[in-house]
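These notes are about the structure you will find just below.
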Amino acid sequence: MRTETDRAAAAVESLETLTVGVVGARGYVGVELLEIICSHPLLRLEYAVSRAADGDPIADHAKASAGGLKFEALSDDEIADRAVDVVVLALPDGAAKPYVEKLESAPKPPRLIVDVSADHRFDDSWVYGLAEHNRHAIAGAPRISNPGCYATAAQLAVRPILDMLADTPHCFGVSGYSGAGKKRSSRNDHKALANGVLPYKLVNHTHEREITRHLGTPVRFSPHVAPFFRGITLTVQARAKSATSVEAIAERLENAYRDCPLIMLSGADTPRVQDVVSKDGAVVGGIAVNPDRPDEIALVCALDNLRKGAASQAVQNINLAFGLTELTGLPDAISMAEATP
Ligand SMILES: NC(=O)c1ccc[n+]([C@@H]2O[C@H](COP(=O)([O-])OP(=O)(O)OC[C@H]3O[C@@H](n4cnc5c(N)ncnc54)[C@H](OP(=O)(O)O)[C@@H]3O)[C@@H](O)[C@H]2O)c1
């Protein structure tokens, strides 16, 4: 059987190379981006912006040779002067705006800007880049807002069963501490987190608002951070309008993700964070229905916050925006299509 990966390899021939700049390139997401972009057959890294790592070879921070390229501390004006096809902004929330303004008024604006922060996830003039549910809008899009990591996991689990639900679903998420970025805080101090789990922002979390906005219905969300480095497990608990079954929910997921090469389904088996670390895709499963109250349901999504929750999703979006095969440059997909003989 010809796999999605084979198709991606075949599609690479005779296609143009796209030049890419990454801003915020020394952060946790930025480094993942550099590694994926530098091994992508059709993307060529032109610059990687970091103030703290200015002058350092990229290879000192990322598993990527990048042809000897070094980090540069470029200002927003200097970035606007460096014409590239794609700019990926991997900046902290609230920092993207001046870069977008300068890029949009540049002599040669990029054909695509991808913002991995939350800054444009509530802005209708940007396309929300959750390909599994918004694929048609991503093709040809000039501005893509990459979904949040927890928000990706929650929507992958909830959207296929949304119309079955009687009331507000609850999402309980646990993330590795890389989810809080490199800037020191109580949420990424792994010594302080050791042997514990830290609940935080239990009401009105940005991702709660993001999930609610993009699902079009309220959700509750309880984020937690744990002392492992990367990965997210997110459990959805909900009440269905009528009695249901594991099989009925599994069928919903299969129908939703049949043509989604980055999503693997595990039925009633619970997806594990350990199995998704450094993988480009997500696993949805752990489906459970209370035998005594068959309207009480639960399911789980696991993904790597730095990959499908951020960098792989950004590259998936670049691929789709430029009409490339979705898995181009994403060799570490967990693919239902490939897992199924
Ligand atoms: N971590 C995750 O799991 C995850 C998942 C999905 C989305 N995101 C989002 O992705 C973005 C980056 O996250 P991260 O975890 O990679 O953060 P990070 O590790 O803190 O890295 C942020 C990067 O941006 C640079 N930077 C910080 N403030 C800046 C400013 N005002 N102007 C220019 N550069 C600035 C940093 O410093 P230097 O310039 O010194 O290098 C660094 O390179 C955030 O918006 C986050 O919400 C993160």
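Miscellaneous remarks
- Projected label distance in nm at Ala95 and Arg44, using a 7 Å step from Cα toward the beta-carbon: 2.8
- Distance between modelled label sites at Asp54 and Leu15, nm, 7 Å Cα→Cβ extension: 3.6
- Simple Cβ-charge dipole of the range 149-305, Lys/Arg +1 and Asp/Glu -1, about Cα centre, in debye nearest 20: 860
- Remark: the range 263-269, residue by residue, has Karplus-estimated 3J(HN,Hα) of 10, 10, 10, 10, x, 7, 6 Hz, where x stands for each Gly or Pro and the curve is 6.51 cos²θ - 1.76 cosθ + 1.60 at θ = phi - 60°.
- Long-range amide H partners of Ala240 with built H, under 5 Å: Ala166, Glu296, Ile297
- Residues whose placed amide H lies under 5 Å from that of Ala333, excluding near-sequence neighbours: Asp280
- Taking 0.36 nm per residue of separation and subtracting the current Cα-Cα distance, fully stretching the chain between Ser186 and Leu162 would add 5.2 nm.
- Dipole moment magnitude, nearest 20 debye, the range 233-341 about Cα centre, only Lys, Arg, Asp, Glu C-beta charged: 260
- Over 16 Å [Cα-Cα, the range 252-327], rounded percent: 56
- Intensity falloff of the chain expressed as log10 I(q)/I(0), Debye formula with alpha-carbon point scatterers, at q = 0.07 Å⁻¹: -0.28
- Per-residue ellipticity at 222 nm, computed for the chain from helices alone with -39500 (n - 2.57) per DSSP H run of at least four residues, works out to -7500 deg cm²/dmol.
- Computed log₁₀ I(q)/I(0) - Debye formula, equal Cα scatterers, no solvent, the range 73-116, q 0.27, 0.31, 0.33 Å⁻¹: -1.00, -1.28, -1.38
- Annotation: lysines with alpha-carbon distance below 23 angstrom to Lys182 (same-chain offsets under eight excluded): Lys63, Lys70, Lys97, Lys191, Lys201, Lys279, Lys308.
- When the convex hull of its Cα atoms is projected in every direction, mean area for the range 149-305 (nm²): 9.2
- Ordering 217-223, 229-235 by mean Cβ neighbour count within 10 Å, with the highest value first, yields 229-235, 217-223.
- Extension gain for the segment Lys201 to Arg135, taken as residue separation times 0.36 nm less the Cα-Cα distance, is 20.7 nm to one decimal.
- For Met264, residues with placed amide H under 5 Å, excluding near neighbours: Ala282, Val283, Val284, Met336
- Note on Arg213 and Glu296: their simple-model spin labels are 3.4 nm apart, each label 7 Å out from Cα toward Cβ.
All of the numbers you see were taken from the coordinates with simple rules; none came from a lab. These numbers come from a predicted model, not from an experiment. Cβ atoms come from the backbone with ideal geometry, glycine included; neighbour counts cover every protein chain shown.
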